[in-house]
Amino acid sequence: MAELVLGTALAAIGAGLAVGMAGLGSGIGQGMAAAGSVGAVAEDEDMFARGLIFTALPETQAIYGFLIAILLMVFSGIMGEATDLPITAGLVAIGAGAAVGFAGLGSGMGQGITASSAAGAVVEDEDMFARGLIFTALSETQAIYGFLIAILLMVFGGILGG
Amino acid sequence: MVEDFTTIITSLGFPSSEAFIALLVITLAVIALIAVIAALRPVLSLYPYTYPNARVRARQGRLLTDKQYSEILESQNIGEIKNYLRGIPEYAKYIDEFPLEKALDVQLAETYDIIARIAPDNSKDAFSFLMKKWDIRNIKSLIIAKEARLSADETMNLLVPFGELSDRLNTLVDTDNVEEILNGLEGTNYAPILEDALPQYKETGLILPLEASLDNYLLENLLRTAATPEDDNTALLHEYVGTMVDIANIKIILRAKTDGLKFEDIEPYMITKGYQVREWKLKELMESEDVPGVINGLEGTDYSPVLSDILNDYSVGDSIAPFETALDNYINEIAKRISLKNQFGIGPMIGFLNKKEKEIKNLKTIVRGKREPDLSATAIKEMLV
């Protein structure tokens, strides 16, 4: 096993934060959405497909975190070609990981609550599906901000394309 | 740049950049942990309610609409109402199994049963205790049936097969009098309660003491079950149950004052542990001379503004029905407020139970109205809540 420099080790923390926090938010959110959807399906079997859509929505935050973590691992030398990442770039990597991780945490939980509520609203009134989907998708924006900032930090912080 | 970074760190008094980074990482980790815990706590308190609330909202979507009420009101007879209800899945399975009014009660009991089963742990006790309402209703029906010398079949038509006594109903139907009912209830919580009220029943020949003791047991213990709020959800449940208890007490006092009863006559029928109307206040109300005295005595509670407006049009000797209606409307408002205020917690369950109660009440009103030959659909509609 190659010996890691401090900068790369810091990037590893960033990668962990990215996928860990985003995954936590996404998991909680998806759990809430799934619980609501199961309740809806228990009352109306036709809700299965729509419940699945609402449950799948809070998955995206984990995907953003996962992507940033992979990029950090590849460009910091943990995966693939070994690179001596400077300490400052390692700190930038923590920032990038925290950006997508915490944004994903809040966004995932918020989206889960809305998705669960939307599943309840749709089973009460079928016409609520499109509107429920729009409300649920709104919470995605925070995760997108976090993801964009993480990418920008990596690009201008010397990790990506440096 | 690396040199600048190291210079800044050493000028801050850190022996090396590694030490600084270690401290930075630990500080960030602590801040992150605090942020995560602060964000998780409120969200996790909502978690247990997501499943039951989705089920409740599905059922709420199947409550009768104004259009459906109009269609039922247009029915020419009870047969047409039955036909209409056969088309609604909730009622269809009971309509042909039981007489119409019993079918409606059984559907309501089933709703309570479902809520008790799916309610989250922190409010399960209170919702499960609410199921005793059906036991108490069944015992009261049995007592009334025995007093009226109804046959076993007629008695059975009054009973709702839900609650913890549902397995004993067949045995209890075959009893001949109150003492035998009491023997049949041996081993349940209801036996000692009825035993305490039995001497008064024997002395007066009235079943009111028996009924009152059962009602008091239900409401007192329901209030006790909900009396230790763990969070916002259980606090709202306590508010709802507490309001129910207060309203039951106020109604008893108002009726008693209409009949000119004194403190000592009313006192045995009161639920002493009120919510807003505490023991000392109840005593004060029971000692009031008349209905206006009771209403004025409620000043300072939330019930005062609800009743004071009606008091202006009230004269001693008038019916107290407007006061009772106002109190019923008030509990409906409380349920509505809780359901809107706490949409992700206990609100939808309380709101739904209240709406379901209203639906059954309305359907029964329509059924009774349709049995009256001269009552028009418009007249029946005006009686709906």
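The values are calculated or read from the model by the stated rules, or taken from the named source; none is laboratory data. Keep in mind the model is a prediction, meaning the values are calculated, not measured. Every residue, glycine among them, receives a Cβ derived from its backbone with ideal geometry; neighbour counts consider all protein chains shown. Protein only, heavy atoms only, side chains kept; ligands, DNA and RNA dropped before computing areas. Shrake-Rupley method; radii C 1.70, N 1.55, O 1.52, S 1.80 Å.
Quick notes
- Residue check, residue B:80 touching a residue at least 24 places away in the same chain (Cβ under 8 Å) and more than 14 Å from chain A (Cβ to nearest Cβ): no
- Annotation: residue A:36 fulfils all but one of (1) more than 21 Å from residue A:137 (Cβ to Cβ); (2) within 9 Å of another protein chain (Cβ to nearest Cβ); (3) surrounded by 24 or more Cβ atoms within 10 Å (Cβ to Cβ); the unmet one is (1).
- Between A:102, A:48, A:54, A:66, the distinction of being within 11 Å of another protein chain (Cβ to nearest Cβ), of a type outside the set (S, T, N, Q), open to solvent by 40 Å² or more (accessible area, probe 1.4 Å) and under 24 Å from residue A:138 (Cα atoms) belongs to A:102 only.
- Number of the exception - residue B:169 against (1) out of contact with any Pro (no Cβ under 8 Å at 6 or more places or on another chain); (2) aliphatic (A, V, I, L, M); (3) at pLDDT 90 or above: (1)
- The helices (runs of 4 or more DSSP H) found entirely in the range A:44-162 that carry 2 or more residues being modelled with pLDDT of 90 or more and among the polar types (S, T, N, Q) are A:60-75, A:87-124, A:140-156.
- Out of A:89, A:96, A:62, A:40, one residue alone is touching a residue at least 60 places away in the same chain (Cβ under 8 Å), under 21 Å from residue B:44 (Cα atoms) and out of contact with any Asp or Glu (no Cβ under 8 Å at 6 or more places or on another chain). It is A:40.
- Applying the criterion of at least 3 residues that are of a type in the set (Lys, Arg) to the helices (runs of 4 or more DSSP H) found wholly in the range B:275-385 leaves B:321-341, B:347-371.
- Considered as a group, the residues in the range B:1-29 that are open to solvent by less than 80 Å² (accessible area, probe 1.4 Å) and outside any helix (DSSP H, G or I) include one that is nearest to the other protein chains (Cβ to nearest Cβ), and that residue is B:16.
- Any hit, the range B:172-180, residues being at pLDDT 90 or above and either in contact with a Cys (Cβ under 8 Å, 6 or more places away or on another chain) or hydrophobic (A, V, I, L, M, F, W, C) (or both): yes
- Selected residue (criterion: least open to solvent (accessible area, probe 1.4 Å)) from residues of the range B:30-74 that are modelled with pLDDT under 90 and among the hydroxyl-bearing types (Ser, Thr, Tyr): B:45
- Selected residue (only one of A:136, A:83, A:114 is open to solvent by 10 Å² or more (accessible area, probe 1.4 Å) and either touching an Asp or Glu at 6+ places or on another chain (Cβ under 8 Å) or away from chain B (no Cβ under 13 Å) (or both)): A:83
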